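Asker: One structure follows; several queries about it will come next.
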Amino acid sequence: NHRLAAAALADRAVLQLLDGQFQTAASTARECLVESRVAGRVTDGYLGRAHVALGWAAFYDLRLADAAAELAEARRLDGQAFEPLVGALCHVLEARLLAETGDVAAARRLLSSAPARPEPAPAFLDGIYAVVRAHWALVDGDVGETDAQLPVMRWLDWQVSTAAFEAVLADLDGRPAEALDRLAEALAVPTSGEQLVCATFAAAYRARVQ
């Protein structure tokens, strides 16, 4: 049954996304869309899961226009299903796109008003909200808000993002030696998914501090 296969693949794509396997999630999402076309079910609400996975993968590939297009399609389809998880993933992706295209203030306003989320929320979702809020607060010069997000990262044991943001805060506070120590810790931890993005940020920041 191609419809059941499409639904199962849509679920798998979201699970892979939550595990930080962005490109694997995109590949699964494309398989899902093929199965849905074969089944003649191209407007079913669950397909929003596939499009949000494709949107996140496009974002990490820096294909921002593609990410925005997938976000719009995910929202259109999810409007039929009203899935809190898909809605939350769309919410974060929209904020990231706003910030990357220059409207940091709008992105921060959006992030401050989180939509309904599944309870309990997946760890990835809590972590990504903390990282994105911390990052764009830092860009906006709001170090207090960045510091406020660190307890969530520590609780989730997101060591790379924790150490990276602690390093930046230490550097801004006039403690460059401590900053370099924390950056070394961030870069010593094996990474994947979102933490790989934070490791790239840490490497770039270390080059700036040294």
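The values are calculated or read from the model by the stated rules, or taken from the named source; none is laboratory data. It should be emphasised that the depicted structure is a prediction, and the values quoted were computed from it without experimental measurement. All Cβ positions, even for glycine, are placed from backbone atoms using ideal geometry, and neighbour counts span all protein chains on display. Only protein heavy atoms, including side chains, enter the accessible area calculation; ligands, DNA and RNA are left aside. Shrake-Rupley method; radii C 1.70, N 1.55, O 1.52, S 1.80 Å.
Asker: Membrane-span-like helices in the chain: DSSP H runs reaching 15 Å or more (Cα, own axis), mean Kyte hydropathy at least 0.0?
Answerer: Length and hydropathy pass: 2-18, 22-39, 47-60, 84-100, 123-139, 159-172, 176-188, 193-209.
Asker: With the other protein chains left in place, how much accessible area per residue, in square angstrom, belongs to region 159-198 at a 1.4 angstrom probe?
Answerer: 44 Å²
Asker: Right, here's the next one. For residue 11 and residue 64 in one chain, what is 0.36 nm times their gap in residues minus the Cα-Cα distance, to one decimal in nm?
Answerer: 16.7 nm is the gain from fully extending residue 11 to residue 64.
Asker: Report the accessible area of residue 96, computed with a 1.4 Å probe over the heavy atoms of all protein chains in place, in Å² rounded to the nearest 10.
Answerer: Approximately 20 Å² of residue 96 is accessible to the 1.4 Å probe.
Asker: Could you check how many percent of all C-alpha pairs in region 1-130 are farther apart than 18 Å?
Answerer: Roughly 50 percent, once rounded to a whole number.
Asker: Ignoring ligands, DNA and RNA, what percent of the 1.4 Å accessible area of the chain is carbon and sulfur?
Answerer: Roughly 54 percent of what the probe reaches on the chain is carbon or sulfur.
Asker: With each pseudo-label sitting 7 Å past Cα toward Cβ, what's the residue 76-residue 39 distance in nm, one decimal?
Answerer: Each label point is offset 7 Å from its Cα along the Cβ direction, giving 2.0 nm.
Asker: Find the relative contact order for the chain and round it to a whole percent, using C-alpha pairs within less than 8 Å whose residues are 6+ positions apart.
Answerer: 13 percent
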